[in-house]
Amino acid sequence: MLIYDYHVHTDNSLDCNTPMIVMCERAIGQGIQEIAFTDHFNNHLLDIDLGFYDPKRYFEDVEFCRQRFPQLKILTAVEIGEPHRWQRRIQRALTGYSYDVVLGSLHWVGNENVFNENYFRARSPEQAYRDYFAELVRMIEHGGFDILAHVDLPKRLGHHYYGVFDATAFEPEFCAVWQACLDQGITPEINTKGLRVPSAQLHPTLEALRWYVALGGDSLTFGSDAHHPESIAQDFAAAYDCAAAAGIQYVCRYEGRQIIQRLPLAEATA
């Protein structure tokens, strides 16, 4: 298989302790051709990692690893939290450095974090997920990023309070998200970390991905959301199978924040 992992963290993220060089060594051992190191750049005033991300250090790490591992294509990338809420701060960072790809992610609904149990204890399942999806649509419509990360993120913790996440209960919400992505030219990812936590589901599920295809979506990226070396490209076979079953046709490759190739999925998985 041609393996492009577009969602990987290093110790440039507060929640990862693994240096980039170790991630590269693992990626090469796994036969990965292309990797995007998408460390967290969060700006919510209540974020525990507010001010942690240092783009200068990050780009120095990338340059070092590019020289050491010429056989691995390394993309400069970043995962931006709530890009619709912190535009000035984010734009300064993005214009000051040359990124290949920018992920947009939503961890906060207002001042409530979806990794905090209080978000779920204060809401019914319907309200918890619908509040999240509504905020996600606002984020996508604002734009400013290239790839939508882990579309149904709250189910990771919501599983503990509500049980198994049923995407079919939220078809209108998913369709609103997918339509916003199509309107803004934003590519969704299949994120495999959901298979490594108790919720035990890909982000998104097959049902939700079929709605994306029905609306005209045909392209994705794939990301492991790895915070440990052993998680790089983990469960990609399952993700490829899901994409194929949903009718996805292409895997997108980026450079300079532009899609440089829409590789047929059948070629990537041959």
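Since every read-out is calculated from the coordinates, none of them should be taken as a lab result. Note that the structure is a prediction, hence the values are computed from the model and not measured. We place every Cβ from the backbone using ideal geometry, glycine too, and count neighbours over all the protein chains shown.
Approximating the spin labels as points 7 Å out from Cα along Cα→Cβ, the L195-to-N118 distance works out to 3.6 nm.
Its relative contact order, with pairs defined as Cα atoms under 8 Å and 6+ residues apart, puts the chain at 20 percent. When DSSP beta bridges are restricted to pairs lying wholly in the chain, around 25% turn out antiparallel. Rounded to whole numbers, the Karplus 3J(HN,Hα) couplings from phi for the stretch 48-65 are 5, 9, 4, x, 6, 5, 10, x, 4, 5, 4, 5, 5, 4, 4, 4, 4, 6 Hz, using 6.51 cos²θ - 1.76 cosθ + 1.60 with θ = phi - 60°, and x at Gly and Pro.
Here the sum of -39500 (n - 2.57) over DSSP H runs of 4 or more residues, divided by the residues of the chain, equals -11500 deg cm²/dmol at 222 nm, to the nearest 500. Applying Stokes-Einstein at 4 °C and 1.567 mPa s to the Kirkwood radius of the stretch 1-156, computed over alpha-carbon pairs, gives a translational diffusion coefficient of 78 µm² s⁻¹.
In this simple spin-label approximation, D218 and A134 carry label points 7 Å from Cα along the Cα→Cβ vector, and these lie 3.5 nm apart. Where Lys and Arg each count +1 and Asp and Glu each count -1, what net charge lies around E267 among other residues with Cβ under 15 Å from its Cβ? That sum, taken over residues with Cβ under 15 Å, equals 0. In the stretch 49-152, Cα pairs under 8 Å separated by at least six residues give a relative contact order of 28 percent. Structural size metrics of the stretch 4-268, computed from C-alpha coordinates, are Rg and Dmax of 17.2, 51 Å. By the rule of a C-alpha distance below 14 Å, with chain neighbours fewer than 8 residues away ignored, the aspartates and glutamates paired with K193 are D5, D152, D225, E230, D235.
For the stretch 231-241, putting each phi into the Karplus relation 6.51 cos²θ - 1.76 cosθ + 1.60 with θ = phi - 60° gives couplings of 8, 4, 6, 5, 6, 5, 4, 5, 5, 4, 4 Hz, in residue order, rounded to whole numbers and with x for Gly and Pro. Charges were assigned to the Cβ only: +1 to each Lys and Arg, -1 to each Asp and Glu. The resulting dipole of the stretch 124-190 about its Cα centre is roughly 180 debye.
Test of understanding: what is the full-extension gain from R68 to R262, defined as 0.36 nm times their sequence separation minus their Cα-Cα distance?
Additional length available on full extension: 67.0 nm.
Note on the stretch 4-155: dipole from Cβ charges, positive end direction compared against H107, A27, L50; the farthest Cα belongs to L50.
Rounded to the nearest 0.05, the FRET efficiency derived from the C-beta distance between Y161 and D241 at R0 = 35 Å is 0.75.
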